[in-house]
Amino acid sequence: MVDDLTVEQKKIDSDVEQVKARRVRDRDRMDQGLVNNPKDLERMQHELVSLERRITSLEDEELEVMERVEEAQQALDSLLEQLRAADERLVALGEARDRQILEMDEELTSVQAEREPAAADIPAELMALYNRIREHKGGVGAAALHAGECGGCRLSLDNAELAVIRKAPSDEIIRCEECQRILVRTFESGL
Ligand SMILES: [Zn+2]
């Protein structure tokens, strides 16, 4: 847009130069007394007036094009500024994302480190069962029994079921009837 207008401006510029050169040539011829015939003289004067008018009109046109160049340049500047602001935001977001990924990786490593000693002390048979359930239950094979509710599937156990669990020996494996996860008894189980 700006480029097109600049080309247009140059074209008008060169038109103005051409018309002015012709005016100079005509004037010189008259000044040097090369035009003697009154009819030619009159024709020449007419031509000078018309050249003058043409110059004025071309110069008006050029001014208008220059204004349009300025407007187009401002529009371009505004787009460039929008682009710059968006890119700046993109860079900042990318950096923030990378930082968060780094933090989460560190947390992942630290939780993995926590898991190891816990897993090491669980009897092999229970571990095998836990892993079997875990495969089908989104990575977690046990659920805390909390206030009479399975923490895995939110099933509420009725009083009769809770009574059975309450009487069960502490080393008996209790599982949720709904989601099959191993139910972990705690002080907050509601037993
Ligand atoms: Zn459940």
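The values are calculated or read from the model by the stated rules, or taken from the named source; none is laboratory data. The structure presented is a predicted model; accordingly, all values stated were derived computationally and were not measured. Please note: Cβ atoms are built from the backbone with ideal geometry, for glycine as well, and neighbour counts cover all protein chains shown. For accessibility, only protein heavy atoms count, side chains too; no ligands or nucleic acids. Shrake-Rupley method; radii C 1.70, N 1.55, O 1.52, S 1.80 Å.
Sorted from longest to shortest, the spans of the Cα atoms of segment 97-191 along the three principal axes equal 52, 29, 25 Å. Between residue 81 and residue 43, the modelled labels are 5.8 nm apart [label points 7 Å from Cα along Cα→Cβ]. The alpha carbon convex hull volume per residue for segment 9-134 rounds to 161 Å³.
The separation of segment 26-47 from segment 166-191, counted between C-alpha centres, amounts to 118 Å.
Within the same chain, lysines fewer than 8 places from residue 137 are excluded, and of the rest, none has a Cα less than 23 Å from its Cα.
Per residue, the chain reaches -26000 deg cm²/dmol at 222 nm when only DSSP H runs of four or more residues are counted, each adding -39500 (n - 2.57).
Summary value for the chain: 16 percent relative contact order, contacts being C-alpha pairs under 8 angstrom separated by 6+ residues.
The Cβ shell under 14 Å around residue 156 holds other residues with a net charge of -4, Lys and Arg each +1, Asp and Glu each -1.
Computed with a 1.4 Å probe over protein heavy atoms only, the accessible surface of segment 30-147 comes to 80 Å² per residue.
Computing FRET efficiency as 1/(1 + (r/R0)^6) for residue 18 and residue 70, where r is the C-beta to C-beta distance and R0 is 35 Å, gives about 0.85. Taking amide H positions as modeled 1.01 Å from N, with prolines and chain starts lacking one, the residues under 5 Å from residue 146 and 5 or more places away or on another chain are 151.
Using a 1.4 angstrom probe on heavy atoms only, work out the carbon and sulfur share of the accessible area of segment 1-152 in %. Ligands and nucleic acids excluded, carbon and sulfur give 53 percent.
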